[in-house]
Amino acid sequence: MNNCESEEIVKAANIAINNLLPTKSRSLYDIAYHRFKKWCAEKNVQVYSENVLLAYFSENAKNYKSSTLWAQYSMVKSCLIIYDNIDISKFPKLIAFLKKTGDGYQAKKSKILTKSEIDRFLSSADDKEFLMIKVGLILGIAGACRTDELVNLTVDNIEDVGSSLIVKIPNTKTNIPRIFVVTDFPNLCGTESLWLASWQEYHGKNS
């Protein structure tokens, strides 16, 4: 501890440092960092040089695709800056190596439903079997929701005003709550909405 810094200042700084990693994915960052540290311990590594990082990611490249390597690099980089004050983004050979692992790699494209397929599903699929999926589909499209936002959504976040639904997303990636309105689905709106009642019953059974 610097003699010019009080214990209070150091404590406040440590708290700030601990909050630098993304809250929702912090566990993934910690796992990636500790995996790297464990590898270093097994190799008796004392200094995190560019050659060390090259060796580590070269070894990982044998088992992981390019996109996974970049994700691991990003997490290890953030943790090394925070915990060890080392910036591996300044390692040009490491960056060149990671870029090279992407040569010839083709990312898998997610299958996308067309508008006509969505309309057909909403109008013809049996509500007894697919009602919850319909709800998730409509809310996801109307609010451009992320998967975790839909998973964490509760009935308390939805206000039925008859001709439309007002949906509140309290926890977002940016930590800024947002609101959107669902309209143009008259068969799914109204005070006695079938899907809302079913959702309430579902959450009641699984709470």
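The values are calculated or read from the model by the stated rules, or taken from the named source; none is laboratory data. In this text, all values refer to a predicted model and were calculated from it rather than measured experimentally. Backbone-built Cβ (ideal geometry, glycine too); neighbour counts: all protein chains shown. Note: areas computed on protein heavy atoms with side chains; ligands, DNA, RNA excluded. Shrake-Rupley method; radii C 1.70, N 1.55, O 1.52, S 1.80 Å.
The table that follows gives values for the structure above.
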quantity	calculated
Any chance L194 is open to solvent by 70 Å² or more (accessible area, probe 1.4 Å), hydrophobic (A, V, I, L, M, F, W, C) and modelled with pLDDT under 60	yes
Filtered residues of segment 142-156 (kept if assigned to a loop (DSSP other than H, G, I, E, B) and surrounded by 15 or more Cβ atoms within 10 Å (Cβ to Cβ))	C145, L153
Residue check, T101 open to solvent by 30 Å² or more (accessible area, probe 1.4 Å) and either under 22 Å from the mean Cα position of the chain (by Cα) or free of Cβ contacts under 8 Å to residues at least 24 places away in the same chain (or both)	no
Residue within segment 112-123 that is among the acidic types (D, E), under 25 Å from L21 (Cα atoms) and either within 21 Å of the chain's Cα centre (by Cα) or open to solvent by 60 Å² or more (accessible area, probe 1.4 Å) (or both) present	no
Residue satisfying all of: in segment 157-175; at pLDDT below 80 and outside any loop (DSSP other than H, G, I, E, B); least open to solvent (accessible area, probe 1.4 Å) among these	L165
From the options K128, K134, K93, residue that is more than 26 Å from the chain's Cα centre (by Cα) and touching a residue at least 24 places away in the same chain (Cβ under 8 Å)	K93
Residue check for V76: touching a helix residue (DSSP H, G or I) at 6+ places or on another chain (Cβ under 7 Å) and among the β-branched types (V, I, T)	yes
Tally, over segment 18-67, of residues that are more than 30 Å from P170 (Cα to Cα), open to solvent by less than 40 Å² (accessible area, probe 1.4 Å) and free of Cβ contacts under 8 Å to residues at least 12 places away in the same chain	1
Residue within segment 70-84 that is out of contact with any Leu (no Cβ under 7 Å at 6 or more places or on another chain), modelled with pLDDT under 85 and surrounded by 13 or more Cβ atoms within 10 Å (Cβ to Cβ) present	no
All positions within segment 88-98 that are in a helix (DSSP H, G or I) and either open to solvent by 60 Å² or more (accessible area, probe 1.4 Å) or out of contact with any Phe, Trp or Tyr (no Cβ under 8 Å at 6 or more places or on another chain) (or both)	S89, K90, P92, K93, I95, A96
